[in-house]
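Q: Sending over a structure as C-alpha cells; questions will come in a sec.
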Amino acid sequence: MVPEPPRRPATSDRRFLTVAAATAFAVVFAGFARSYFLKSLFGGPPLPGLLHVHALLMISWFVLFFVQLRLSATRRIALHRRLGVFGGALAGLMVIVGFVVARRAAARDLAVPGDLEFLGFLLYALLMFAVLVSMALLLRRRKDYHQRFMLFSCLSMVGPGVARIPLEGVPVLSVLKTGGPLGLLGFMLVLAYACIGVDTWRHRRLHPAFLLGLVLLATEDLPPLGMFLASPTWLHIAKWLVS
C-alpha cells in the first residue's frame, strides 16, 4: 500500500485560508477605494445610507470568516456554531441588500450603455455567493469542505471589485479585468487557481470542494454568461427588474 501523505497541521491550514481571504478583501478594497473606502480623499456627493449598510455587511463577512477560523483553531466549537447561525442570517441579508443596491444603481444609470449587462453580472455574482455559502452550511460537519467553500464565498466577492479597478492602461494587467479570450484569466479565477495550486501542493491532492468551487466561479467569467447578458432576453428581464 502507498502511504498517505502526512497531514498538514491545522495552524498551517488556518494561515493559508487567512492569507487567501485577506488577498480577496484587499482586491475588494482597491476596487471600491475611490467610491467608498477612501471617498473622503477623492470627493463626490454623499452616499445613500443603504450603501453604507451594504459595505458594512460585506466587511462583516470577511471579519466573520477570520474570527471563525480562529475559533475553530482554538477548538471553541460551541461559539463557532452559534456564530455560524449568525453567519447564515448575515449571508441572506447580504444577498437581499446586494440585490436592492444593484437594482437601484441600474435604475439610476439606465441610460448608461452596458449598465443592464453589469446588473446581470452583479446578480449572478450574488447567486454564486449564495450557492457557495449554502454548500458550506450543508457540509458544516465536514471541516475540510466547509472551510474551502467559505473561502470561495469570499473569492466570489472579488469580481465587482476588480470591475472597478482601472487596469485598462496597463496591458499586462488589463487581462486580469477582461479575463482574456476565454474569460479564464480574470483576477478572481487567477486567485482561485493560486489557492487550489497551493492547497493541492500542500495536501498532495486536488480537493473536490475547490474543484466544484472553481467550476462555479468560472461560470462568472466564461463567454456564455456575457452572451446571455447581452441578449434581448436578459435586457427585457433587466428592464422589468428596474422598472
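The values are calculated or read from the model by the stated rules, or taken from the named source; none is laboratory data. In this text the structure is predicted, and so the values were computed from the model without any measurement. Here the Cβ is made from the backbone with ideal geometry for all residues, glycine too, and neighbour counts use every protein chain on show. Surface areas here come from the heavy atoms of the whole protein model, side chains and all, with no ligands, DNA or RNA. Shrake-Rupley method; radii C 1.70, N 1.55, O 1.52, S 1.80 Å.
Yes/no matrix, rows are residues, columns are (1) of a type in the set (A, V, I, L, M, F, W, C); (2) modelled with pLDDT of 90 or more; (3) in contact with a strand residue (DSSP E or B) (Cβ under 6 Å, 6 or more places away or on another chain):
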{"residue": "3", "(1), (2), (3)": "no, no, no"}
{"residue": "6", "(1), (2), (3)": "no, no, no"}
{"residue": "9", "(1), (2), (3)": "no, no, no"}
{"residue": "61", "(1), (2), (3)": "yes, yes, no"}
{"residue": "107", "(1), (2), (3)": "yes, no, no"}
{"residue": "111", "(1), (2), (3)": "yes, no, no"}
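Q: Additional query: Here is a check on your reading of the model: is residue 233 open to solvent by 70 Å² or more (accessible area, probe 1.4 Å), out of contact with any His (no Cβ under 9 Å at 6 or more places or on another chain), polar (S, T, N, Q) and at pLDDT 90 or above?
A: Yes.
Q: Would you tally the residues in region 48-63 being in a helix (DSSP H, G or I) and over 16 Å from residue 95 (Cα atoms)?
A: Selection size over region 48-63: 2.
Q: Give the residue that is surrounded by the most Cβ atoms within 10 Å (Cβ to Cβ), with candidates limited to residues of region 123-157 that are of a type in the set (S, T, N, Q) and not in a loop (DSSP other than H, G, I, E, B).
A: 153
Q: Now a separate question. Count, please, the residues in region 169-208 that happen to be of a type in the set (A, V, I, L, M, F, W, C), at pLDDT 70 or above and in a loop (DSSP other than H, G, I, E, B).
A: Going through region 169-208 one residue at a time, the tally reaches 3.
Q: Are there any pairs, at least 6 apart or on different chains, whose C-beta atoms fall under 7 Å, with the first in region 46-66 and open to solvent by less than 50 Å² (accessible area, probe 1.4 Å) and the second outside any helix (DSSP H, G or I), and if so, which?
A: Taking only residues 6 or more apart or on different chains, the pairs are 58/157.
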